[in-house]
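Since every read-out is calculated from the coordinates, none of them should be taken as a lab result. No experiment lies behind these values; they were computed from the predicted model shown. Glycine gets a Cβ as well: all are built from the backbone with ideal geometry, and neighbour counts include every protein chain shown.
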Amino acid sequence: MTRSVVWFRNDLRLADNPALHAAVAAGDEVVAVYILDQGVGAASRWWLHHSLTALGRDLAARGGNLVLRRGDPREIIPDLARAVGAASVHAGRSFEPAWRAADRDIDAALKTAGIAFKRHLSAMLFVPEKMRTQAGGYYGVYSPFARACFAAGVPDEIFAPPDHVPGVSDVDSDALADWALLPTRPDWAAGLRESWTPGEAGARRRLDEFLAGPVHAYDEARNLPGIAGTSKLSPHVHFGEISPRTVWHAAAAAGEGKGVHTFLKELLWREFSISLLWQHPDLDKRPIRAEFEKMPWADDAKALWAWRRGRTGYPIVDAGMRELWRTGWMHNRVRMIAASFLVKHLLIPWQEGEAWFWDTLAEADLAANAASWQWVAGCGADAAPYFRIFNPVLQGKKFDPQGIYVRKYVPEVAGLPDEHVHAPWEAPANVLAAAGIALGETYPAPIIGLAEGRARALAAYEQVRH
């Protein structure tokens, strides 16, 4: 029996895993391996530990086993393939620049050894380099990109999980515990444990629950952070615990309403971000619109700290930042509000926000994170104009009118009536006293006035524009 190496990366699942399917279908013994290489944020490390635990358990239940290695895949993959006598290496395609470069080197090394390197479309719906305009270029605007995706159609072949994975037991492996992915002191992961079940089973359960009801009201409900109106699938899709094809076709089969269509379009925003990263390998570092490199950003460590910790004095912003810290996730509407506040009212570089989200988001995805921050900052492809500045008070009143979300994550203001919960400083003294609030003591006063921050942001933008 021949052997194949199946290199798991951002496809930590058995169902609809083309790399695993190809190896098993060929009748090969399978050396399943995961390599810890690129740096990931703290919340992602927590998720990765539990996702790998689930994957190892699922493989073992089918006769396989998961080999863990740490280091440079350029060395590990060719060495492992030669050592086990593999005829081929299967892996899902990756769109991140570092992985693309590594794949080129690995392909060359394996060819020298006479070993095939077979890459499969696993973590995305479309091959990014093939999504071209009629003129032959890449898309820089979402709407025509999305139309092209709908016109192309998503392949409907979905591979069932293998009943049996013929594993190889004579290959050395690291112990997952030795990677120290989990926090020790302090143990900040209690909120993540309460909120998530990493792994393929947890991903499928999350999808089924969403499609059983919330998806049908998704068009409106996705903007309301106080209710369970979103799928919360993003960490599962990022780690590949469920394939985007599975999500797409299951959602499409759920009905033809506006909610389903809007959800499918949200999946295409992920694809659009992948396309942008494919076009701009430095997407997380440099603005697509080069003039924004001259933006006169503020250097304000105190304000940055207050934003990170949810201590800005604006309840909807603080609620979002605390949700992120506690659960490793933030509601998408609130992400836009919190991000706009950082780069516009506080005039702090979007790269600072991108870096913080990279460390605290369980789903920290290079393409989506960088593209989204550039969108908010007005410097990316198809970005919101810089002068579109979210007013956190008005946004809070519109999308969390009863303060359900704010009260959950900012309990200091929970006693305020609805009309003041998004702007405590506007409440009369007797109302603040009745709610047990002393501004600047029990809850911060606003760190910057909204009019002041807006004026400063617009002045900075005018300086760049001219």
Subject >> Given charges at Cβ of Lys, Arg, Asp, Glu: the chain dipole, positive-most of 248, 378, 34 >> reply: 378
**OP:** Before anything else, pin down the relative contact order of region 3-122: Cα pairs under 8 Å, at least 6 apart, normalised by residue count, whole percent.
**Re:** 35
**OP:** Collect residues whose amide H, placed 1.01 Å from N in the peptide plane, falls under 5 Å from the amide H of residue 120; neighbours closer than 5 in sequence don't count.
**Re:** 91, 92, 93
Original post:
GluC sites (Glu not before Pro), restricted to region 218-262: which are DSSP loop and have at most 10 other Cβ atoms within 10 Å?
Top reply: 256
Subject >> the chain, dipole about Cα centre (Lys/Arg Cβ +1, Asp/Glu Cβ -1), debye to the nearest 20 >> reply: 620
Subject >> Label point distance in nm, residue 133-residue 221, each placed 7 Å from Cα along Cα→Cβ >> reply: 3.8
**OP:** Return an integer: the convex hull volume of the alpha-carbon atoms of region 290-465, in Å³ per residue.
**Re:** 103
**OP:** Would you please give the residues with an amide H less than 5 Å from that of residue 443, counting only those at least 5 places away or on a separate chain, with H modeled from the backbone geometry?
**Re:** 438
**OP:** Please tell me the relative contact order of the chain in percent, rounded to the nearest whole number, where contacts are Cα pairs under 8 Å and at least six residues apart.
**Re:** 17
Original post:
Rounded, prolate or oblate: which fits region 281-372, taking a ≥ b ≥ c as square roots of the Cα gyration tensor eigenvalues, rounded meaning a/c under 1.5, else prolate when a/b beats b/c?
Top reply: oblate
Original post:
What are the residues whose amide H is under 5 Å from the amide H of residue 32, where those residues sit 5 or more places off or on another chain and H is modelled from the backbone?
Top reply: 6, 65, 67, 168
Original post:
residue 302: which lysines have alpha carbons under 17 Å from its alpha carbon, excluding same-chain residues fewer than 8 sequence positions away?
Top reply: 344
Subject >> Karplus-derived HN-Hα couplings along region 49-63 (A = 6.51, B = -1.76, C = 1.60, θ = phi - 60°), whole Hz, x at Gly and Pro >> reply: 4, 6, 5, 5, 4, 5, 5, x, 5, 5, 5, 4, 5, 10, x
**OP:** Please give every one of the aspartates and glutamates within straight-line cross-link reach of residue 397, meaning a C-alpha to C-alpha distance under 20 Å, and leave out same-chain neighbours fewer than 8 residues apart.
**Re:** 219, 220, 318, 323, 412, 418, 419, 426
Subject >> Charge sum, other residues only, whose C-beta stays under 14 Å from residue 21's C-beta, Lys/Arg counted +1 and Asp/Glu -1 >> reply: 0
Subject >> Karplus-derived HN-Hα couplings along region 405-420 (A = 6.51, B = -1.76, C = 1.60, θ = phi - 60°), whole Hz, x at Gly and Pro >> reply: 5, 4, 5, 5, 9, 10, x, 4, 9, 4, x, 6, x, 3, 5, 10
Original post:
Could you give me the ³J(HN,Hα) list for region 18-25, computed from phi with Karplus coefficients 6.51, -1.76, 1.60 and θ = phi - 60°, whole Hz, x at Gly and Pro?
Top reply: x, 5, 5, 4, 4, 5, 5, 5
**OP:** Treating cross-link reach as a plain straight distance, find the lysines whose alpha-carbon is under 21 Å from the alpha-carbon of residue 265, omitting any fewer than eight places away in the same chain.
**Re:** 130, 232
Original post:
If you take the charge dipole of the chain about its Cα centre, with +1 on Lys and Arg Cβ and -1 on Asp and Glu Cβ, which of 288, 61, 94 is farthest toward its positive end?
Top reply: 288
Original post:
With a 10 Å Cβ neighbour count serving as the proxy for reagent exposure, in which order, fewest first, do 312, 133 appear?
Top reply: 133, 312
**OP:** Mind sorting 327, 262 by how few other Cβ atoms lie within 10 Å of their own Cβ, fewest first?
**Re:** 262, 327
Subject >> Net charge, residue 285 excluded, C-beta distance under 15 Å - Lys, Arg +1, Asp, Glu -1 >> reply: -4
**OP:** Could you please report the charge total around residue 141, scoring K, R as +1 and D, E as -1 over all other residues with beta-carbon less than 11 angstrom from its beta-carbon?
**Re:** 0
